[in-house]
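Below is one structure, written out as structure tokens; the observations come after it.
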Amino acid sequence: MVGTSTHSIEEPVQNAIAGASQSVHGMRWFEVVEIRGNLNEGKVDHWQVTVKIGFTLDA
């Protein structure tokens, strides 16, 4: 899953998890595997993170 934000590094993680929770149930853990961002005039303008999410399958 990928999350983005213009505000903080934590917000895109929360956004990715919130997006996944709409269709994936039984989520148990997450791992941030990549962090990227855009710069504008030498300052961070936008954050993007890629996360892995672990979940339990229903039997």
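Here, each number is a calculation from the coordinates, and none is a lab measurement. Treat the numbers as computed from the prediction; the structure is a model and nothing was measured. Quick reminder, even Gly has a Cβ in these numbers, built from the backbone with ideal geometry, and neighbours come from all protein chains shown.
Key figures
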| read-out | value |
| --- | --- |
| Those chymotrypsin sites (Phe, Trp or Tyr not before Pro) in the chain that DSSP places in a loop and that have at most 10 other beta carbons within 10 Å | none |
| Cα long-axis angle, helix 10-21 against the chain (0 to 90 degrees, to the nearest 10) | 30 |
| Viscosity 0.890 mPa s, temperature 25 °C, Stokes-Einstein D of the chain from Kirkwood C-alpha radius, µm²/s | 203 |
| The chain: GluC sites (Glu not before Pro) in DSSP loop, at most 13 other beta carbons within 10 Å | Glu41 |
